[in-house]
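Here's the structure we're looking at; comments come further down.
The values are calculated or read from the model by the stated rules, or taken from the named source; none is laboratory data. Computed from a prediction, not measured in an experiment: that's the story for all the values here. Cβ placement follows ideal geometry from the backbone for every residue including glycine, while neighbour counts extend to all protein chains displayed. Heavy atoms of the whole protein, side chains included, go into the accessibility calculation; ligands, DNA and RNA do not. Shrake-Rupley method; radii C 1.70, N 1.55, O 1.52, S 1.80 Å.
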Amino acid sequence: MSALPSMSANTQAAGDAAYDAVVVGAGFAGMYMLHRLRGQGLKVRVYEQGGDVGGTWYWNRYPGARCDVESMQYSYSFSDELQQEWNWSERYAPQAEILKYANHVADRFKLRGDIQLNTRVDRATFDERTSTWQVATSDGRIATAKFVVLATGCLSNARMPDIKGLSEFKGNVYHTGHWPHEPTDFTGLRVGVIGTGSSAIQSVPVIAQQARHLTVFQRTANFSIPARNAELTVEEREAFRRNYPEIRRFAREEARNGIYAELPDRGALDDGDNTRRAKYEARWAKGGLTFMLAYNNLILDKAANDTAAGFVRGKIAEIVRDPETAKRLQPDDHPIGSKRICVDTDYYATFNRPNVTLVDLKSDPIVEILPNAVRTRTGDHEIDALVLATGFDAMTGSVAKIDISGRGGRTLKQKWAEGPRTYLGLMSQGFPNLFIITGPGSPSVLSNMIVSIEQHVDWIADCLAFMRERGLEVIEATKEAEDQWVAHVNEVAQQTLYPQANSWYMGANIPGKPRIFMPYIGGVGVYRQICNDVAAKGYEGFVMSQSAPVPKMAAS
Ligand SMILES: Cc1cc2nc3c(=O)[nH]c(=O)nc-3n(C[C@H](O)[C@H](O)[C@H](O)COP(=O)(O)OP(=O)(O)OC[C@H]3O[C@@H](n4cnc5c(N)ncnc54)[C@H](O)[C@@H]3O)c2cc1C
């Protein structure tokens, strides 16, 4: 524990309780933030709207849910004892095991006492006179805090599609991102799945094994690579554990996406057809997200990308026996990797089952949902249960749900109306002492998110320690730094193929959401260096002060 006094001694207790910091959300980000700040002796309160810790892994309980970054890497690195002792069972752990891990972390680091569950943060208002935040929660209380950290998650605001008749459907309706806690069993039922993103690609093969019939409604075909999931052997776990210092260092400092992997040193067009095909075959056989690391220019050069996309389309044609279905499953409207690539177990082969039908919504759109069927232009598809795998209002959705007012009463929603604006993805000008973990403008969803979460949490914790040592109380991004960063994020995105896809990275899955490429593509290692340099230069681009300057009255 730090010898420095808690900041809350200076915090005005205008509401029911006063904290140095309020953290919103108790997923991996919120839990680690609590651990770090408490370790500095700060008085912290975490509010979590869910009934327990774990965030993503608390909510997404659909059949087949699991991580798609290997568990030995999709795990905290801040405690060597933890990473040496925890036994991941499979290459990609299932949801229940990741949730168990989150609970283990909460117990092991005694976090629960400072986490208030079943409590939603509805409003946060910056009081310029006292330089504190007033945080209103769903239990009717108002807490006061010097700092607020939004650990609200990038993929935590489940998107309900606006389809005529949905509320009239008489069977059960499930959203993959809001799955019930009780076991679901589709045995003997006719099930419809709407959506073919990552959650559908994981759940479709499992639901198909239970259901009498499964109809998959596809708007956009997505590229998916086999996971090649398997139990981890003792030797495999030990090899990771022995090499963790280097694996974690590489993931933080060198990898673009926070994953330890062999990096390619040549482009796809530098090899001839046979060599290239052999490389893709090897990556396909190995499985997983690192397929895109076969060459170093797959996301930069369309001609290079076409070779990888063509390879995967060829695989789909090999696996799926009905040529019509195979054709519909072959993505043809975006470069491979420009939408989050999916990782599956038997997704394409599932369409060879006699009880599975694919409906292509581009040529045969949904007209309405009837009490017992999904009606498309060409007819009715009778179903008893409906699964909405329609994704999330990504990156900004959960932040926008909170009524956040900064300086001059300006809301974050107003400020972000044309798209999110941040400095480094960490803060937004006009909202002093409000931090965002893995916010828009940081690598975030383009990375192994635990690497990005740990980096942000450490940066924020170090920043607060820096301020305390100097008696500083308020930090705010400058407009110039923010403008430059937003321009840089856009410029880097435009150098890649990413903006060519109508993806949730662009907000394209939410009607009316501005089309801005939200995450920072520069790479995890480069981004970390930028953040470290900013800190080393005394938090360049931020203004720190002892208290927020009170705006002058206009002369009469
Ligand atoms: C199905 C699925 C699989 C994924 N697999 C991977 C993977 O393999 N690798 C990877 O890197 N990433 C993966 N992700 C991304 C995943 O979201 C992150 O890896 C990580 O779990 C995010 O942690 P977090 O704490 O930032 O956010 P979350 O886990 O989303 O937690 C945020 C929490 O904040 C709470 N909250 C939000 N708003 C409020 C409010 N107003 N008041 C109170 N509480 C609030 C939410 O209830 C939630 O519990 C996956 C996501 C999904 C949906």
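What to note about this one:
- Based on DSSP H segments of at least four residues, each scored -39500 (n - 2.57), the chain has a per-residue ellipticity at 222 nm of -9500 deg cm²/dmol.
- For the chain, the longest principal axis of the alpha carbon atoms and the long axis of helix 234-253 meet at an angle near 60°.
- Across the range 152-240, the relative contact order, built from alpha-carbon pairs under 8 Å that are at least six residues apart, equals 24 percent.
- Couplings 3J(HN,Hα) for the range 500-510, derived from phi with the Karplus relation 6.51 cos²θ - 1.76 cosθ + 1.60 (θ = phi - 60°), are 6, 9, 7, 10, 6, 4, 9, x, 6, 8, 10 Hz, where x marks Gly and Pro.
- For the chain, the relative contact order comes to 19 percent (Cα pairs under 8 Å, sequence separation of at least 6).
- Residue by residue, the range 58-69 carries 3J(HN,Hα) couplings of 7, 8, 8, 9, 5, x, x, 5, 7, 6, 10, 9 Hz when phi is fed to the Karplus relation 6.51 cos²θ - 1.76 cosθ + 1.60 (θ = phi - 60°); x denotes Gly or Pro.
- Distance from the C-alpha centroid of the range 494-520 to that of the range 126-171: 23 Å, rounded to the whole angstrom.
- Cα centroid of the range 308-335 to Cα centroid of the range 397-424, whole Å: 41 Å
- Whole-Hz ³J(HN,Hα) from phi, Karplus 6.51 cos²θ - 1.76 cosθ + 1.60, for the range 126-133, glycine and proline x: 8, 9, 5, 5, 9, 6, 10, 9
- Distant-in-sequence amide contacts of Arg66, defined by a placed amide H-H separation under 5 Å and a gap of 5 or more residues or a different chain, comprise Gln95.
- Solvent-accessible surface ranking, highest first, for Glu128, Glu231 at 1.4 angstrom: Glu231, Glu128
- Put simply, the amide H of Val367, placed in the peptide plane, has neighbours under 5 Å in Arg375, Thr376, Arg377, leaving out anything fewer than 5 places away on its chain.
- Taking a Cβ cut-off of under 10 Å around Glu97, the surrounding Lys, Arg, Asp and Glu residues balance to a net charge of +1, with basic ones at +1 and acidic ones at -1.
- Packing-based order for 22-29, 270-277, 201-208, using average beta carbon neighbours within 10 Å, highest first: 22-29, 201-208, 270-277
- With contacts taken as Cα pairs under 8 Å at a separation of at least 6 residues, the range 108-266 carries a relative contact order of 10 percent.
- Cα gyration tensor, the chain - rounded (a/c under 1.5), prolate or oblate: prolate
- Distance from the range 376-393 to the range 210-239 (C-alpha centre basis), Å: 22 Å
- When the C-alpha to C-alpha distance is required to be over 29 Å, the pairs from Lys479/Lys513; Lys164/Lys513; Lys339/Lys362; Lys286/Lys327; Lys100/Lys170 that qualify are Lys100/Lys170.
- Packing-based ranking of 501-510, 447-456, 434-443, 358-367 yields 434-443, 447-456, 501-510, 358-367, ordered from highest to lowest mean Cβ neighbour count within 10 Å.
- Considering only the chain, percent of DSSP beta bridges that pair antiparallel, nearest 5: 40 percent
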